[in-house]
Amino acid sequence: MRDFQLPGRSPSFGTGYAIATSHQEASLVGAEILRHGGNAIDAAVAACALLGVIEPQSTGVGGDCFAFVWNASDRKLHAVNGSGYAPSGLSAAFLRDKGLSVVDEDSVHSVTIPGALRTWELLLSAFGTKSLGELLQPSIERADCGFPVAERVAADWREAEVRLRSSADLFLHAGKAPQAGKLFSMPRLAQTLRVVAREGTESFYEGDLAKSMVASLNAAGGCHRLGDFADWRPVWVEPMTVRYRDVDVHQIPPNGQGLVASLMLRILQGFDHGRLDPAGPERFHLQIEAYRLAAEVRDRYIADPDHAVVPVDMILSDGYVDELRDRIRVDVAMQAVAPLPQGPTDTVYLTTADRHGNFCSLINSISGSFGAAICCPRTGVLFQNRGANFTLEDGHPNQVAPRKRSLNTIIPGFATKDEAPYLSFGVMHGFYQPVGQVQVLQNVVDFGMDVQASIDMGRGLFTGATFEVERSVPAATLQNLAQRGHRVRPVATPWGGGQAIAPIDGVLHAGSDGRKDGSAVAV
């Protein structure tokens, strides 16, 4: 992968509609739907479905989906949690009896029920204007006829070659990942998508497709059952909201890690960022320390609220936030916070806006790179490994259990101001996502950056041992951070990728991250 440098892109401006995704073809497909009368939700679903073919390392119908929809008709923000649960036969005791102490990322036991398709269907039934079958057509065409592999996709694919050997006939050419610019097709997945387009999602969750997927998982040693697929449903949830400066910032509540972003913003609210250099040491020092504290809370509390008590109100309360903020010293790094998990990194985030005033902020993922690297040979469905986020620790709220949802890293973002859309945004990359969201939002709110500049700026993440930082962050900043006690390590691999749309004075401003293969289109 090439060393990332700031791309120097301009925002895309339009007065009718906008879309920003991590792949230029997905952006173009979504823009065409918007141009021909589809709305923001239609475009988001079509683009996301296509990304499941042309970015197979990151997403697909074997993964999960979370989304926000700003509905112009009722002027309300709606949120859906589409994370799948563990199979009914899986428990900590079951895994211990097999001599396991963790849920390994490559294990069939990491495979949770795919949530994406029923979530797309739910979004369309509530807010869309087109059928799922119609919106799957671009994906079917590309899976069947082939697509040119994009540069970043090719680099990620190459890094996953060893993991993909068990499915080499589906994902490798002569044992090698396809090179950038080469055509690659997925005929078995194309046929599966045709069946779903023709027969609906019931075929995927209850019909022959489901039977084939369950059979393949059982053959790999899994305890999945047909009823686990048939019974699963996405759920509408009430957005979790915190005020940052004069903006209301919304997250989907646990089992997702949006609470980490909310808590970071509550902590950072107590510091005057407007006087700081956005790429300076003080800004990154506060970001690192706020994340240390919020991640410590994540690891202690975030879990499936249907199976455990997650004290969101307490965590975001003034007293608790003040207590955490008081642990930060502006001149010296903390030393007493436990190392942080890195976890899976592959996801797609996209956002859309239409001429009617609707917005969609959507994120879809198979968790790790190529998920669990377990593919159903008949359907071509690649399964997510979201269950690797579970723990086997007794008494922990995130302990694996039957039909329980694990801590989920994927989080779409949405901000409103004066009860109107302000910023539809998100940043990909596993546990980096809340840090990325906070940085992008602060870049807009505190530092007055446009949506593209807010995404382009250099990034870093405290990984427990070091602050791993992109090379575009100034050397003087890194030197000062080291003097404060942070162990700093420049890295060539970029952190995440993001998209954003902001409506400003009747104009849609759209940005897309040069760290991926995407683009923003606004007309």
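The values are calculated or read from the model by the stated rules, or taken from the named source; none is laboratory data. None of the values given here were measured: they were computed from a predicted structure. Every residue, glycine as well, gets a Cβ built from its backbone with ideal geometry; the counts of neighbours run over all protein chains shown. In case anyone asks, the SASA skips ligands and DNA or RNA and just uses the protein heavy atoms, side chains included. Shrake-Rupley method; radii C 1.70, N 1.55, O 1.52, S 1.80 Å.
Table: residues versus (1) at positive phi; (2) in contact with a strand residue (DSSP E or B) (Cβ under 8 Å, 6 or more places away or on another chain).
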{"position": "F383", "(1), (2)": "no, yes"}
{"position": "A388", "(1), (2)": "no, yes"}
{"position": "K417", "(1), (2)": "no, yes"}
{"position": "G430", "(1), (2)": "yes, yes"}
{"position": "D446", "(1), (2)": "no, no"}
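None of V45, V29 is open to solvent by less than 10 Å² (accessible area, probe 1.4 Å), in contact (Cβ under 8 Å) with a residue 12 or more places away in the chain and β-branched (V, I, T) except V45.
In the set (1) assigned to a loop (DSSP other than H, G, I, E, B); (2) within 23 Å of P254 (Cα to Cα), the condition left unmet by W236 is number (1).
The residues on offer are A290, A230, and the sole one that is touching an Asp or Glu at 6+ places or on another chain (Cβ under 8 Å), small (G, A, S) and assigned to a helix (DSSP H, G or I) is A230. Here is the figure for the range 386-425: residues that are of a type in the set (G, A, S) and either in contact with a Cys (Cβ under 9 Å, 6 or more places away or on another chain) or within 30 Å of A18 (Cα to Cα) (or both) total 4.
If we scan the range 365-374, do we find a residue that is among the hydroxyl-bearing types (S, T, Y), open to solvent by 10 Å² or more (accessible area, probe 1.4 Å), at pLDDT below 95 and out of contact with any Leu (no Cβ under 6 Å at 6 or more places or on another chain)? Within the range 365-374, one or more residues are among the hydroxyl-bearing types (S, T, Y), open to solvent by 10 Å² or more (accessible area, probe 1.4 Å), at pLDDT below 95 and out of contact with any Leu (no Cβ under 6 Å at 6 or more places or on another chain).
Taken together, V103, V153 contain a single residue that is among the hydrophobic types (A, V, I, L, M, F, W, C) and within 18 Å of the chain's Cα centre (by Cα), which is V153. Selection over the range 400-430 of residues that are of a type outside the set (A, V, I, L, M), open to solvent by less than 10 Å² (accessible area, probe 1.4 Å) and closer than 22 Å to F370 by Cβ gives a count of 5. Could you look through the range 470-494, keep only residues that are open to solvent by less than 20 Å² (accessible area, probe 1.4 Å) and in contact with a Lys or Arg (Cβ under 7 Å, 6 or more places away or on another chain), and pick out the one that is nearest to V521 (Cα to Cα)? So, considering only residues that are open to solvent by less than 20 Å² (accessible area, probe 1.4 Å) and in contact with a Lys or Arg (Cβ under 7 Å, 6 or more places away or on another chain), the one nearest to V521 (Cα to Cα) is P494.
Contact map, the range 127-151: first residue at positive phi, second residue crowded, with 21+ Cβ neighbours inside 10 Å and aromatic (F, W, Y), Cβ cut-off under 9 Å, separation 6 or more or different chains; pairs are G146/F184. Only one entry of R378, R355, R386 meets the criterion of being open to solvent by 10 Å² or more (accessible area, probe 1.4 Å) and closer than 21 Å to W232 by Cβ, and that entry is R378. Of the residues contained in the range 76-84, none is found to be farther than 23 Å from G258 by Cα, of a type outside the set (V, I, T) and in contact with a Gly (Cβ under 9 Å, 6 or more places away or on another chain). Answer yes or no as to whether V445 is closer than 26 Å to R292 by Cα and in contact with a Lys or Arg (Cβ under 7 Å, 6 or more places away or on another chain). Yes: the conditions hold for V445. Of the residues making up the range 251-260, those that are in contact with a strand residue (DSSP E or B) (Cβ under 8 Å, 6 or more places away or on another chain) and either assigned to a helix (DSSP H, G or I) or crowded, with 24+ Cβ neighbours inside 10 Å (or both) are Q251, I252, N255, G256, Q257, G258, L259. Residues considered: R292, R243. Of these, the only one that is of a type in the set (D, E, K, R), open to solvent by less than 40 Å² (accessible area, probe 1.4 Å), farther than 30 Å from I374 by Cβ and within 23 Å of the chain's Cα centre (by Cα) is R292.
Taken together, the residues in the range 299-321 that are within 19 Å of Y244 (Cβ to Cβ), touching a residue at least 12 places away in the same chain (Cβ under 8 Å) and assigned to a helix (DSSP H, G or I) amount to 3. Entry remark, the range 180-227: residues being part of a helix (DSSP H, G or I), under 22 Å from V80 (Cβ atoms), open to solvent by less than 60 Å² (accessible area, probe 1.4 Å) and not aromatic (F, W, Y) number 5 in total. Restricting attention to the range 443-466, which residues are of a type in the set (F, W, Y) and at pLDDT 95 or above? F447 - this is the single residue of the range 443-466 that is of a type in the set (F, W, Y) and at pLDDT 95 or above. Of the residues R471, R405, which single one is farther than 30 Å from K76 by Cβ and of a type in the set (K, R)? After applying the criteria, what remains is R471. The set of residues from the range 261-287 being in contact with a strand residue (DSSP E or B) (Cβ under 9 Å, 6 or more places away or on another chain) and open to solvent by less than 10 Å² (accessible area, probe 1.4 Å) comprises A261, S262, L263, L265, L268, F284, Q287. Having 3 or more residues that are β-branched (V, I, T), within 19 Å of the chain's Cα centre (by Cα) and closer than 14 Å to F284 by Cα is the bar; report the helices (runs of 4 or more DSSP H) wholly within the range 417-517 that clear it. Ranges flagged: 433-445.
Restricting to the range 269-286, what's the tally of residues that are free of Cβ contacts under 8 Å to residues at least 12 places away in the same chain and among the small types (G, A, S)? Within the range 269-286, residues that are free of Cβ contacts under 8 Å to residues at least 12 places away in the same chain and among the small types (G, A, S) number 0.
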